[in-house]
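Here is the structure we will look at.
The values are calculated or read from the model by the stated rules, or taken from the named source; none is laboratory data. In this text, all values refer to a predicted model and were calculated from it rather than measured experimentally. Glycine also receives a Cβ, built like all others from the backbone with ideal geometry; neighbour counts cover every protein chain displayed.
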């Protein structure tokens, strides 16, 4: 599928330079490998201007061949899973801060955000929320009250909070009393030019040698991603229209999903490809990209599918799809499925029926698909990597007094 649209000229990053001074950024995360959050760290390190020195520190680091590319140095944080893990984490973070002497520390994930805020030193503290963590937004019961108090008190002591969507910002203000001026919305970046280049690679798998439409999903095979709802909806669709299903990713639900496919009798029409370093060539060959997540922090794979020009159907989950798709203007939004596990014998739920109907409608209506393809061309550049990195640079300059 070659959509053949011209690439826009990439925006360039910028940084206010004060003499020969080089800003030092320390990024701290639980892990670094090939996850969605790791991709954001990779993109930042690779595209920040040379006037910013980047150091990445992580507790879990994958094998070198499984790492996303990065610029700067990658350090290991020796934090073992013990009863006093939070204390150990905070101590190790203080050690690396004392050693590296960064100007800014940027952390990912709640516990690392807490440790960043509690750390010692004169550095600026930026915390980020890059996923919808139910514990973040739990406000009921004793645990909820403790979490609410911790979040309100600690996060208001940070220099800046980065969130991915406006809806997440609104919830932090409303539910936890976070000061609005503390929060900046910066979406995940998308390297459009690189993705489009990778999408042109040849596919060897014979499953794609077909005239039948292909429905594709990319994501970890976990409860969050809700792929079993897609499988059940797909089974309903293919009874009315010949089509195929491709799922890219790995995870703890792989066995359940494959058993469901077998029990539904759709093994010949379904393909599990596992994790792929280049999923984009498969998206390019697909007719629809379907995103049935139960919750998200953003939904980067939606942007990546749009970068290739593939029409998308997404669940209207927290957070991301509604903002990315402009309230349904740039792709089809469907209700979030209930997240309950079902076997092959159970009838479709109401939400699964709606999902199946949306898939069938877009498969049979070429005009609607082509209209979505045209509309995503402009929309996706809101998330172009240099444009997003510039927002990070502006944030760094602002809190460091260099704006």
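Considering region 295-344 alone, what residues qualify as being farther than 19 Å from residue 362 by Cα and free of Cβ contacts under 8 Å to residues at least 24 places away in the same chain?
Across region 295-344, the qualifying residues are 338, 340.
Report every pair of residues separated by at least 6 positions or lying on different chains whose Cβ atoms are under 8 Å apart, first residue within region 29-52 and not assigned by TED's automatic domain parsing to the domain that holds residue 73, second modelled with pLDDT under 90 and surrounded by fewer than 17 Cβ atoms within 10 Å (Cβ to Cβ).
Correct list of pairs: empty, since none qualify.
Working only within region 174-227, note down all residues that are farther than 22 Å from residue 278 by Cβ and in contact (Cβ under 8 Å) with a residue 24 or more places away in the chain.
Residues satisfying the conditions are 175, 176, 177, 178, 182, 184, 186, 187, 212, 223, 224, 226.
Where in region 35-145 are the helices (runs of 4 or more DSSP H), entirely inside, with at least 2 residues that are surrounded by fewer than 17 Cβ atoms within 10 Å (Cβ to Cβ) and at pLDDT below 85?
In region 35-145, the matching helices (runs of 4 or more DSSP H) lie at 85-100.
For region 146-175, how many residues are touching a helix residue (DSSP H, G or I) at 6+ places or on another chain (Cβ under 6 Å), assigned to a helix (DSSP H, G or I) and loosely packed, with under 15 Cβ neighbours inside 10 Å?
Counting residues in region 146-175 that are touching a helix residue (DSSP H, G or I) at 6+ places or on another chain (Cβ under 6 Å), assigned to a helix (DSSP H, G or I) and loosely packed, with under 15 Cβ neighbours inside 10 Å gives 1.
Which one of 183, 178, 192 is more than 30 Å from residue 145 (Cα to Cα), buried (at least 17 other Cβ atoms within 10 Å of the Cβ) and in contact with a strand residue (DSSP E or B) (Cβ under 7 Å, 6 or more places away or on another chain)?
Within the list 183, 178, 192, the selection yields 192.
Table: residues versus (1) buried (at least 18 other Cβ atoms within 10 Å of the Cβ); (2) more than 23 Å from the chain's Cα centre (by Cα); (3) under 25 Å from residue 295 (Cα atoms).
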| residue | (1), (2), (3) |
| --- | --- |
| 344 | no, yes, yes |
| 347 | no, yes, yes |
| 350 | no, yes, yes |
| 367 | no, yes, no |
| 378 | no, no, no |
| 381 | no, no, yes |
| 384 | yes, no, yes |
| 393 | yes, no, no |
